[in-house]
Structures are given as structure tokens and as C-alpha cells.
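A.B. asks: Below are the C-alpha cells for one structure; questions will follow.
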Amino acid sequence: MKVDLHLHTYFSDGIYSPAQVVMKAKESGLDIISIADHDTTEGLDEAIEVGKELGIEVIPGIELSSSINGTDIHILGYFIDWHDEVFQTHLRVFRELRVQRAKRIVEKLNALDIPLEFESVIEIAKNSSISRVHIASALVKYGFVNDFYEAFNKYLGVGCPAYEKNIDLSPRKAIRLISEVGGLSFIAHPGKYISEVDLATLIELGIDGIEVIHPSHNDELVNYYRSIADEYFLLESGGSDFHGGLRNDENCLGKYTVPYKFVETMKKRLNLK
Ligand code: AMP
Ligand code: MN
Ligand code: MN
Ligand code: MN
């Protein structure tokens, strides 16, 4: 069984529809996937339906944006009851805050003499959970940068002149939102940015698990996070963080997988079959 628990669709910053993502997963030999879009569950119903047709189990997921002292802390949620009205109300607020932040980023770019229009970003993002990725794509499209990575390295990344912090949500609240809809919470790709102190804080807060397998983790990091998971009785997850598009990550599909045992253990913890 091949399992990839971290995929994005065009409802956040991926470029493919949920149906396309599930088809690509099938072509890559995956058996179980999770769609974990940023601050939205809009892609889940379609993915689950297409998954049923193609014989792929789609675990309902999400990737919530939170932060500690301005550092992004992404929290993955699995097996969430995403139709919950209160949960959806929170997600709508998060997405509205993202729109306001995107406007502030465009204002900063304009002040840097880059006449990018907010409307051009909306044309790319449409109704999805708007992110810096859409702004980066617009900067590439209108020739203000040569490629996607230049957009982040020069303007949008942490510490760059057009950087704006994302939603000011605490990990405590992110973990609670996920558990209130029956889900399990995981620290996403800790190797990308999470300090020892923040990791300890998240464990104290009652995070359920750690994403151990991720393209940003080398073998050493994978072993390190697995040992932390063992020590604190935490669950393990992992996946490709596939987005498609300008970052050339098509070859990630099918390469960053976790054992079926990880999913079984999650289900056991939740008393699911
Ligand atoms: P946002 O949610 O708006 O903060 O955008 C974060 C998304 O941008 C992440 O989920 C990644 O998909 C992408 N991203 C963040 N930093 C970089 C970077 N330095 N280079 C390329 N992509 C990035
Ligand atoms: Mn992303
Ligand atoms: Mn992330
Ligand atoms: Mn992700």
C-alpha cells in the first residue's frame, strides 16, 4: 500500500482540481491519499467521490496556518468532520484574512515600484484560499520576476521587503479546532523551520503527531523526528506536499510515502475502522 498524506489542489495553492490530483495519485501508484489544502476543505467532497470511482481512499485533511512569535507553524489535521458549520465559519474568516494580507502585500510591492494589480492576483487565485503562491505566479506572469523562486527570494519570503505575516492564529487554537471536529493534529514539515523550543511547545499543547516524511527532510531529520515521536508517544505522518505548477514537483508523487501502518494507528487512536 502506498500512502501520501499531503497533497494540495487549486482550492489552495496547488494548480490541479481535486479530480486531477486523485487521477495523478492513481497514475503514481498511490492507494491512500489525503488532500490537505491551506485553510480550506473545498476540495474534499470531489476528491473523495473521484477516489471512490478509482479505488483510492481519500482521507479528509487540512493544513491550518498558525504562528508562534511571527514564525509560521503549519498544523495538519486528518480525519476531520469538515462539514461542521462552526469549523467552516472559522475557515471562512481565515480565508478573508488571507485576502486582506494579499492586498497588503500588493501595496508593499507597489511601493517598491512594481505596478502589480490586485485584480491580476485574483484572476489567478479565483475563489481559492489566496496565498503568496498566487502573488508569485502573478509576478512571473507579468514579467516582474524571472521565476517563481525569484519572487519568494526577492520579495515574498520571510524578511523580504514585501513580506507580510500570515493569519495570527495560535497553534493552541489550531489544534483545538481540529480536535473539535474529531481530527488528529500533526506538525507539518517541522524540518523547514521549527525550532526545538517551538517543537517542545507544540508537544506540550497536545499535538497528536509529527509529519516525519517530507521532501524538505533528509534521512537524518526523518530519523530525528521519528525518535521524538517514539519518545512522546506521538503519531507519524508524511507525504509529498505536492502542489504542481511552477515549482516542478510532479516527480514527487509516489516518492514520499508512508507505511499503511501509520494510517492504521491513526484510525485506532480514533476508534475508526
Ligand atoms: P502563504 O500560505 O501565503 O504564507 O504561502 C505559503 C506557501 O508558499 C507554502 O505553502 C508554499 O507552498 C509556498 N512557499 C513558501 N515559501 C516558499 C519559498 N521560499 N519558495 C517557494 N515556495 C514557498
Ligand atoms: Mn502551499
Ligand atoms: Mn506547509
Ligand atoms: Mn502543504
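A.B. asks: Taking into account only those residues within the range 150-163 that are among the small types (Gly, Ala, Ser) and under 20 Å from the mean Cα position of the chain (by Cα), which is surrounded by the most Cβ atoms within 10 Å (Cβ to Cβ)?
C.D. replies: Among those that are among the small types (Gly, Ala, Ser) and under 20 Å from the mean Cα position of the chain (by Cα), it is Ala151.
A.B. asks: Given the conditions (1) among the hydrophobic types (A, V, I, L, M, F, W, C); (2) within 16 Å of ligand 4 (Cβ to nearest atom); (3) assigned to a helix (DSSP H, G or I), and given that Ile130 satisfies all but one, which numbered condition is not satisfied?
C.D. replies: All conditions are met except number (3).
A.B. asks: Here's a follow-up. Would a scan of the range 143-156 turn up a residue that is away from ligand 2 (no atom under 16 Å from the Cβ) and among the small types (Gly, Ala, Ser)?
C.D. replies: Yes: the range 143-156 contains one or more residues that are away from ligand 2 (no atom under 16 Å from the Cβ) and among the small types (Gly, Ala, Ser).
A.B. asks: Then there is this: Answer with yes or no whether Leu253 is within 16 Å of ligand 4 (Cβ to nearest atom), modelled with pLDDT under 95 and in the same structural domain as Ile56 (by TED's automatic domain parsing).
C.D. replies: Taking the combined requirement at face value, the residue does not satisfy it.
A.B. asks: Name the one entry in Ala111, Ala136, Ala162 that is hydrophobic (A, V, I, L, M, F, W, C) and within 16 Å of ligand 4 (Cβ to nearest atom).
C.D. replies: After ruling out the rest, the residue left standing is Ala136.
A.B. asks: Hey, any hits in the range 164-173 for a residue that's surrounded by fewer than 16 Cβ atoms within 10 Å (Cβ to Cβ) and more than 27 Å from Arg104 (Cβ to Cβ)?
C.D. replies: Taking every residue of the range 164-173 in turn, none turns out to be surrounded by fewer than 16 Cβ atoms within 10 Å (Cβ to Cβ) and more than 27 Å from Arg104 (Cβ to Cβ).
A.B. asks: What residue, among those in the range 248-273 that are touching a helix residue (DSSP H, G or I) at 6+ places or on another chain (Cβ under 9 Å) and open to solvent by less than 60 Å² (accessible area, probe 1.4 Å), is farthest from ligand 2 (Cβ to nearest atom)?
C.D. replies: Gly254
A.B. asks: Another question about this same structure. Name the pairs: first residue in the range 38-53 and part of a helix (DSSP H, G or I), second residue open to solvent by 10 Å² or more (accessible area, probe 1.4 Å), Cβ to Cβ under 7 Å, at least 6 apart or on different chains?
C.D. replies: Leu44/Pro60; Leu44/Trp82; Glu46/Ala19; Ala47/Val58; Ile48/Val58; Val50/Ala19; Gly51/Glu57; Gly51/Val58
A.B. asks: Assigned to a helix (DSSP H, G or I), more than 29 Å from Leu235 (Cβ to Cβ), open to solvent by 50 Å² or more (accessible area, probe 1.4 Å) and out of contact with any helix residue (DSSP H, G or I) (no Cβ under 7 Å at 6 or more places or on another chain): is that true of Lys103 in this structure?
C.D. replies: no
A.B. asks: Tell me, which residue of the range 199-215 that is in contact with a Pro (Cβ under 9 Å, 6 or more places away or on another chain) and either without any contact (Cβ under 8 Å) to a residue 24 or more places away in the chain or in a loop (DSSP other than H, G, I, E, B) (or both) is nearest to Val3 (Cα to Cα)?
C.D. replies: Result: His214.
A.B. asks: Still on this structure, please answer the following. For the range 4-18, indicate whether the set of residues that are aliphatic (A, V, I, L, M), assigned to a strand (DSSP E or B) and in contact with a Phe, Trp or Tyr (Cβ under 8 Å, 6 or more places away or on another chain) is non-empty.
C.D. replies: Yes, the range 4-18 contains a residue that is aliphatic (A, V, I, L, M), assigned to a strand (DSSP E or B) and in contact with a Phe, Trp or Tyr (Cβ under 8 Å, 6 or more places away or on another chain).
A.B. asks: Residue check, Glu236 against (1) open to solvent by 20 Å² or more (accessible area, probe 1.4 Å); (2) over 20 Å from Asp31 (Cβ atoms); (3) at pLDDT 95 or above, all met but one. Which one?
C.D. replies: Condition (2) is where Glu236 drops out.
A.B. asks: So, in the range 37-94, of the ones that are under 22 Å from Gly157 (Cβ atoms) and open to solvent by 40 Å² or more (accessible area, probe 1.4 Å), which residue ends up nearest to ligand 3 (Cβ to nearest atom)?
C.D. replies: It comes out as Thr71.
A.B. asks: When you check Gly244 against the structure, is it open to solvent by less than 30 Å² (accessible area, probe 1.4 Å) and assigned by TED's automatic domain parsing to the domain that holds Lys26, yes or no?
C.D. replies: yes
A.B. asks: Tell me the residue from Glu63, Glu49, Glu57, Glu27 that is within 16 Å of ligand 2 (Cβ to nearest atom) and out of contact with any Gly (no Cβ under 6 Å at 6 or more places or on another chain), please.
C.D. replies: Going through Glu63, Glu49, Glu57, Glu27 in turn, just one is within 16 Å of ligand 2 (Cβ to nearest atom) and out of contact with any Gly (no Cβ under 6 Å at 6 or more places or on another chain): Glu63.
A.B. asks: Is it the case that some residue within the range 104-113 is closer than 19 Å to Glu42 by Cβ and under 21 Å from the mean Cα position of the chain (by Cα)?
C.D. replies: There is no residue in the range 104-113 that is closer than 19 Å to Glu42 by Cβ and under 21 Å from the mean Cα position of the chain (by Cα).
A.B. asks: If a residue must be under 27 Å from Ala138 (Cα atoms), within 16 Å of ligand 4 (Cβ to nearest atom) and surrounded by 23 or more Cβ atoms within 10 Å (Cβ to Cβ), how many such residues does the range 14-33 contain?
C.D. replies: Going through the range 14-33 one residue at a time, the tally reaches 3.
The values are calculated or read from the model by the stated rules, or taken from the named source; none is laboratory data. Worth saying up front: this structure is predicted, and the values here are computed from it rather than measured. Methodologically, a virtual Cβ is constructed for each residue, glycine included, from the backbone with ideal geometry; neighbour enumeration extends over all protein chains shown. Ligands, DNA and RNA are stripped out before the accessible areas are found, and what is left, the full protein with its side chains, is counted by its heavy atoms. Shrake-Rupley method; radii C 1.70, N 1.55, O 1.52, S 1.80 Å.
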